[in-house]
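See structure below.
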Amino acid sequence: MKRLRPLDFIFTIAILSLGIFLTVKNLSQRGSIVKVNAAGNHYEYSAKKDGIYKVQGALGITTFEIKDGHVRIIDSPCPNKTCVNQGWHSPHVCLPNNVIITLEDEGEFDAVSE
């Protein structure tokens, strides 16, 4: 069995720290606009207005909730419900129903517009 060297220990701590930082940053992400692309249709909702909304996707209706500047999918007609289990983060992707939900700040630029 190989011994751990000091550099191995430092590298492991750095990777763990980065993972924790990104997780905390993602959980605390709040935005002001929720953008939805559902089966080729584009919608925008205010992230400042709490509510439950529905959009028509390729397989049926996807229901999502906006609360306190966060967004999550609460129901979808897809068979495995992976998108429902994603929780309160962004982006949300439901591939079978062709729905993508992103949370953005007003005035936020994407890579193309910069």
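Observations on the structure shown:
- Out of Ile52, Ile61, sole residue that is more than 16 Å from the chain's Cα centre (by Cα), farther than 22 Å from Asp105 by Cα, modelled with pLDDT of 95 or more and surrounded by fewer than 18 Cβ atoms within 10 Å (Cβ to Cβ): Ile61
- Test: residue in segment 95-111 that is at pLDDT 90 or above, open to solvent by 70 Å² or more (accessible area, probe 1.4 Å) and of a type in the set (Asp, Glu): no
- Within segment 1-28, residues that are polar (S, T, N, Q) have Cβ atoms under 6 Å from residues that are at pLDDT below 80 and not in a helix (DSSP H, G or I) in these pairs: Asn26/His89, counting only partners at least 6 apart in sequence or on another chain.
- Hits in segment 43-98 - residues which are more than 15 Å from Ile33 (Cβ to Cβ), touching a helix residue (DSSP H, G or I) at 6+ places or on another chain (Cβ under 9 Å) and assigned to a loop (DSSP other than H, G, I, E, B): Ser76, Cys78, Gly87, Trp88, His89
The values are calculated or read from the model by the stated rules, or taken from the named source; none is laboratory data. Keep in mind that what you see is a predicted model, and the values were worked out from it rather than measured. Counting neighbours? That spans all protein chains shown, and the Cβs are built from the backbone with ideal geometry, glycine included. These area figures cover heavy atoms from the full protein model, side chains too; ligands, DNA and RNA do not enter into them. Shrake-Rupley method; radii C 1.70, N 1.55, O 1.52, S 1.80 Å.
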